[in-house]
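Below: one structure, written as structure tokens.
FYI, it's all coordinate maths here, none of it is from the lab. Keep in mind it's a predicted model, so treat the numbers as computed, not measured. With ideal geometry, Cβ positions are generated from the backbone for all residues, glycine too; neighbour counts draw on all protein chains shown.
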Amino acid sequence: MNLASIFISALLIDNIVLMRFLALCPFIGMSVDVNKSVGMGLAVIFVTVIATMVTWPIYTFILVGLDLKFLQILVFILVIAALVQLVEFFLKKNVPGLYASMGIYLPLITTNCAILAVTFDVISRGYNLIESVVYAVGVASGFLLSLVLLAGIRERIKTAPIPKFLQGTPILFVSTSLLAVAFMGFAGLIK
Amino acid sequence: MLKLWKIFSKGLVTENPLLILMIGLCSAVAVTSGVANAIGMGAAMTFVIVFAELVISLFRKLIPNDARIPIFIIVIAAFTTMVDLAMKAYWPDLSESLGVFIPLIVVNCIIMGRVEAFASKENPLHAAVDALGMGLGYTWVLIGIAAVREILGAGAFLGIKIMPKGFQPILFFTLPPGGFMVFALFISMNLGIKRGMDARAKARLETSKEAS
């Protein structure tokens, strides 16, 4: 499977939020305005890629080698939690500008199931390291894309007349549903 | 006894994790294309949350405050691993169709949220009851959504055809967008019920004030 098709299918066809229902909590919680959603999306891309680059070798060389595959869930979640902390410390000290724009999103990312799902996916699909990284970038960009789309819709919804029974969160899910219909159009893009 | 019932019942409607607190949403939409999946997911989730809350509540006085989050994660991950392995061994078909969502119970915010907000402060009995309420609150919503989606989308319930012969399945409901749509309606319904309950409680309060 070539890299471009891995990327496109992760970004559009199997969009992590709209087609696979992962990362819905930050998707609903962080899509209040477009600027914030871009910040969150970039932070997710950053952490997902690093997490994949760390967990893939750990699984392939340590857990498989020692026959400890059953510890996969435990090891991955701890590695990701520790990693997010380290990234936070590092950015705070060395790249304060980036930290100021991205820092507040980092603690939220530990519980973002998309990242954990990506690290499990690349193992179960048997990708090599390069394919894994491409897949991680694709999935996380898909998250950014859908987040920004919903944030844009939300800014419109604010001024729109909405039936009383759909006000609040229900209308968000109705909008998400319609977004998902649009994304279904991408099915079959890659044979 | 009344207190236990209160703790138990708030998970079902007034503080329903999915419909009111809006946490742990991912699995709720993802696994609800069929009722069988919803029951499996609900059972797995309830198992993990009950044991995680129970264990953490038992050890709540020994867990140092600064290291509590990693300890919680390890406890939750241990029970999730048990469910994952047991399901792979005994119900391979179910495990196959739930896929990545079983390991993802570990980052389900419902469990982390309840452990942090409730189990780490209350006694084991209360924690277990709270967990059971939250687990069942999660499960009924899952089964409810799945029932609507399976009946309309496939004309079946638990895989058995129940709709009349002329019924044309509405494919929309088994596909991802249908999941979001049905979920939106469930939230709307639960908000309606809650508004009704609040209004009734308020009315009762006012009449009791007038009487006194």
Where does each of B:ILE49, A:ILE28 land when they are ranked from fewest to most other beta-carbon atoms within 10 angstrom? A:ILE28, B:ILE49
Order these by the 10 Å Cβ neighbour count, fewest first: A:CYS113, B:CYS109. B:CYS109, A:CYS113
With an 8 Å cut-off on Cα pairs and a minimum separation of 6 or more residues, tell me the relative contact order of chain A in percent. 45 percent
Note to self, chain B gives a 222 nm [θ] from helices alone (DSSP H runs n ≥ 4, -39500 (n - 2.57) apiece, / all residues, nearest 500) of -22500 deg cm²/dmol
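Counting pairs of alpha carbon atoms under 8 Å apart in space and at least six apart in sequence, what relative contact order in percent does the stretch B:2-211 give? Write down the numbers at each step before the final one.
Values: 258 pairs, mean separation 72.1, N = 210.
RCO, the stretch B:2-211: 34 percent.
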Excluding residues on the same chain fewer than 8 positions from A:LYS164, give the aspartates and glutamates whose Cα lies under 19 Å from its Cα. A:GLU155, B:ASP198
Among the lysines, which fall within straight-line cross-link reach of A:LYS92, defined as a Cα-Cα distance under 25 Å, with same-chain neighbours fewer than 8 residues apart omitted? A:LYS36
Convex hull per residue volume in Å³, alpha carbons only, for the stretch B:2-211: 146 Å³
Take the stretch B:1-53, compute every pairwise Cα distance, and split them into 10 Å bins from 0; I just need the percent in each bin. 21, 48, 27, 4
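With charges set only on the Cβ (+1 for Lys and Arg, -1 for Asp and Glu), what does the dipole of the protein assembly as shown come to about its Cα centre, in debye to the nearest 20?
920 debye
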Taking 0.36 nm per intervening residue step and subtracting the Cα-Cα distance, what contour gain separates B:ILE162 from B:LEU125 on full extension? 9.2 nm
Diffusion coefficient in µm²/s returned for the protein assembly as shown by Stokes-Einstein, Kirkwood Rh over C-alpha pairs, 4 °C and 1.567 mPa s, is 58 µm²/s
Long-range HN-HN contacts of B:PHE157 with modeled amide H, under 5 Å: B:ILE162
Neighbourhood net charge (14 Å Cβ-Cβ; Lys/Arg +1, Asp/Glu -1) for B:VAL13: +3
Could you tally up the Lys pairs in the stretch B:2-211 with alpha carbons closer than 25 Å? Skip any pair fewer than 8 positions apart unless they're on separate chains. 16
Net dipole in debye of chain A [+1 Lys, Arg Cβ; -1 Asp, Glu Cβ; about Cα centre; nearest 20]: 380 debye
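So how much slack lies between A:GLN85 and A:ILE62, counting 0.36 nm per residue of separation and subtracting their Cα-Cα distance, in nm?
6.0 nm is the gain from fully extending A:GLN85 to A:ILE62.
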Tell me, what HN-Hα J-couplings in whole Hz come from the Karplus equation 6.51 cos²θ - 1.76 cosθ + 1.60 at θ = phi - 60° for each residue of the stretch A:165-171, using x for Gly and Pro? 6, 9, 5, x, 5, x, 5
Sequence of A:GLU88, B:GLU53, B:GLU206 once ranked by neighbouring C-beta atoms within 10 Å, starting from the fewest: B:GLU206, A:GLU88, B:GLU53
Fraction in percent of alpha-carbon pairs per bin - 10 Å, chain A: 9, 33, 33, 19, 5, 1, 0
Simple spin-label estimate for A:LEU98 and B:TYR90 in nanometres, 7 Å along Cα-Cβ: 4.8 nm
Radius of gyration and maximum dimension Dmax of the stretch B:147-198, Cα, Å: 13.6, 43
